[in-house]
Amino acid sequence: MRPIYVIAAAFLLCSGGFAQVDGISQTGATEFEDSAQHDSGADMQSVDQSEALSYQEPADENVSGHRGHTRLVIAPPSLHAYSNDKSATWFGPVLEAAVYFKMSALHDLEVVPLDDVAAFINSHRNFAGGILKGSYQKIARKFNASHVLHLNYEVRFAGEIALHSAISPLNNAHLDPTSDTLVPVLYLDDTDSSNSILNYALKRIAGRIGSDTSAIENMVWDAGPFGGNPRLAKEIGNLLQEEFKADTLRLIKIGNSLASLAENNPNSWLAQYTAARIFSLAGQGEKACALNAHLLRQFGDVMYALYLHQSRYHRGAGRYERAVSQAKFALNQEVLKGRAYYEIGKSYEAMGSPKLAIDAFKNVIEEDPYYPPAYSALGKQFILRDDIGDAVDNFDKATDLTGESSSGVLLEFGAHLEKAGRTQNALTAYNTATQMEPANTEAWLALTRLHEQQGNYNEAAKNYLYLFQLDNQKYQSFPIKAGELYEENNMPTDARLAYELLLQKRRSDPQARIKLAGFAYREDNCDKVVELLEPLDESWRSTRDVELMYSRCQSIAQTQQAQTEKELFAGAGQYSRNYKRPLYRRIISISSLAAAAASFGAGFYYDSQIKPAMTKYQKSNEAAKVTQYHNDLEGFINNRNLLYILSGVALTGFTVNIAIPAKGK
């Protein structure tokens, strides 16, 4: 792919303007009223399709391998790093709007709306920053775009502007390997030829991506963007570049300023076009409709993309029926039929007519079977109808077309299921996402959150532990959450295991030590309590519960030590005597000692298996194996505890039997 280098004036000073089209008759029977409340008085049947258009029938799959018609994403122009004037970022949004408007007038080419692209990428409207080409190529695939047009401009000396353009073909789309073109240098005060030079450059670009440039509507392309006012470009550009950081109130002010420029320069289609778009972003649909209506009166019969804009503006104003009627005009252009039905479906969706919305989205797929947003929109409608099978089928199709991870589509699917109140199906969607991509923490978090909301505390706790295994720094608090859920649901063994897992990964974690000390305290294991709490600093040991456990266990430990010493002394005195024990007493002693030794040995074996099982459990990233290792580990711990208890009982029996005095000789 070799970039086209176009050195052109900023088409700031355009000859002609709207005056060039004042006397042109309207094709068909379409007539526009002066009032902005009525965009078109014509019925759909009155538009003469045979006279209005010149296009080529798109094949299902062209010879280059791209499926569907030519669909273009235009990346925002950025200021070249070597530009002499670093403050000329105002030129970017002006150039973008003009290129988008002109390219949208081609009848065999669809241009993805600017704001559809902006919804998927941060800083999209920041013309001062450079965004990697790969980011736009990834987004372009969301719309099954065939090409991405990258624009880059360099402000040189004496008002020269060098425009660099590069085309990225997607999905093996057509790209004519025509040699690079150099357009003669123009200056910013050239009022006659700048627009025609830009047109020539854009025709070269359109030809390279396979568009029929012989069908270009001169009515649109010959009209100058600024209506002959060379100072208008910078005024518009300075306003538009504020969009990136503007809130709603600021957007309204920008829209009002642009509308004022449009009123004072009635032949500038760019002022009206950009003002309408800004008002739409600010939620001022009625104002956007009024401005776009002026453009429809000038270009409506030959530029059907304007009807799609008008449809969106009406929808933003809550006028859904009018939005539908305006979108229907775009059905006259073959490559826009899919988008037209999509806009119709979105309007029906907004007005709460699911059946009509589904029919419209199905029409999109019939006209344009490679348009991913239609499948996603249709899937959402099936969710609301509780038709999960058809919903999954449509999301799967969207995944196939975009090439995105299925887990991402399933997360979106699950979110809509939740919104529709289908929580069980949402759990299935999230769970499927985790199975397909085990390291996707976003999917695990969504699944865990919903499990906890639905009262599935055991599952939520397991997921908290799995997330801790994936990232024990970011999710260091999750074992505590898991343990507390287990304790609340009377699962002390699992709770203890969760706290031990945290302590093993983070030896100094005070919460894990306090939680485990609580278990030892309830088991009267004061030695363990002291061992766990002693390393804590004073701020943790001074809390009421911790101080109580620690001080009491220290006291008990001292008392037990004194009692043990006393018993040992007394026992030594007893054994100094010569006892004669009955045979059955000797048999009991030997049996008890043997049982104690055997139980202890078996318990020690299970104890030795716990550490390897814990290691497997911690290192596993497979959900199924995590459950298996958890069960194995729990079994080893339970068997060890039981055998140690049996050993203790047998040893106690042996001790008691020895301690009971026997009749001497």
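Here, each number is a calculation from the coordinates, and none is a lab measurement. Since we're looking at a predicted model, the values are computed, not measured. All Cβ positions, even for glycine, are placed from backbone atoms using ideal geometry, and neighbour counts span all protein chains on display.
Given the range 415-477, what whole percent of its Cα pairs are spread farther than 14 Å? Walk me through the numbers on the way to the answer.
Details: 1058 of 1953 pairs.
Considering the range 415-477, 54 percent of its Cα-Cα pairs are separated by more than 14 Å.
Using amide H atoms built 1.01 Å from N in the peptide plane, name the residues 5+ places from S78, or on other chains, whose amide H lies under 5 Å from its own.
L151, N152, Y153
Taking Cα centroids, how far is the range 261-319 from the range 369-432 in Å?
Cα centroid to Cα centroid, the span is 34 Å.
Once a ≥ b ≥ c are taken as the square roots of the eigenvalues of the Cα gyration tensor of the range 358-401, is the result rounded (a/c under 1.5), prolate (a/b larger than b/c) or oblate (a/b not larger than b/c)? Write out the running numbers ahead of the final one.
Numbers: a/c = 2.46, a/b = 1.31, b/c = 1.88.
It is oblate, given that a/c is not under 1.5 and a/b is not larger than b/c.
Is there a pair in K138/K616; K133/K625; K86/K133; K397/K481; K397/K419; K133/K328 whose C-alpha atoms are over 30 Å apart, and which pairs would that be?
Details: K138/K616 38 Å; K133/K625 41 Å; K86/K133 21 Å; K397/K481 38 Å; K397/K419 22 Å; K133/K328 34 Å.
Going by Cα-Cα distance, K138/K616; K133/K625; K397/K481; K133/K328 fall outside the 30 Å limit.
Please list 3J(HN,Hα) in residue order for the range 414-427, calculated via the Karplus relation 6.51 cos²θ - 1.76 cosθ + 1.60 where θ = phi - 60°; whole Hz, with x for glycine and proline.
Those phi angles translate into x, 4, 6, 5, 4, 4, 7, x, 9, 5, 5, 5, 5, 4 Hz.
List, in order, the whole-Hz ³J(HN,Hα) value for each residue of the range 345-354 obtained from phi through the Karplus relation with A = 6.51, B = -1.76, C = 1.60 and θ = phi - 60°; use x for Gly and Pro.
In residue order, the calculated couplings are x, 5, 5, 5, 4, 5, 7, x, 10, x Hz.
Taking square-rooted eigenvalues a ≥ b ≥ c of the alpha carbon gyration tensor, is the range 586-647 rounded, prolate or oblate, where a/c under 1.5 means rounded and, failing that, a/b exceeding b/c means prolate? Each step should come with its number before you reach the end.
On the way: a/c = 6.37, a/b = 3.86, b/c = 1.65.
It comes out prolate by the Cα gyration axes.
Less than 13 Å from a label point 7 Å out along the Cα-to-Cβ axis of T627: which backbone N atoms in the range 420-457 qualify, by residue?
Residues 431-432, 435 fall inside that zone.
Could you calculate the FRET efficiency of N490 with A597 from 1/(1 + (r/R0)^6), where r is the beta carbon distance between them and R0 is 45 Å, rounded to 0.05?
With R0 = 45 Å, the Cβ-Cβ based efficiency is 0.80.
Does anything in the range 463-479 have its amide N under 19 Å from the 7 Å Cα→Cβ label point of Q454, and if so which residues?
Taking a point 7 Å out along Cα→Cβ of Q454, the residues of the range 463-479 whose backbone N falls under 19 Å are 463-467.
If I take the Cα coordinates of the range 265-355 and project them onto the principal axes, what are the three extents in Å, biggest first?
45, 30, 15
Tell me, what is the FRET efficiency for K611 and E404 to the nearest 0.05, using R0 = 41 angstrom and their Cβ-Cβ distance as r?
Values: r = 42 Å, r/R0 = 1.02.
E(calc), rounded to 0.05, equals 0.50.
Expected output is a single nm value to one decimal: the length gained when fully extending between K474 and K362, i.e. 0.36 nm times separation in residues minus the C-alpha distance. What is it? Please report the intermediate quantities before stating the final value.
Working: separation 112, 0.36 × 112 = 40.32 nm, distance 4.38 nm.
Additional length available on full extension: 35.9 nm.
Among 641-648, 364-371, how do they line up by average Cβ neighbours within 10 Å per residue, starting with the highest?
Values: 641-648: 16.0, 364-371: 20.0.
So the order, starting with the most tightly packed, is 364-371, 641-648.
Check R67: other-chain or 5+ apart residues with amide H under 5 Å from its amide H, H built from backbone geometry?
Long-range HN contacts for R67: none found.
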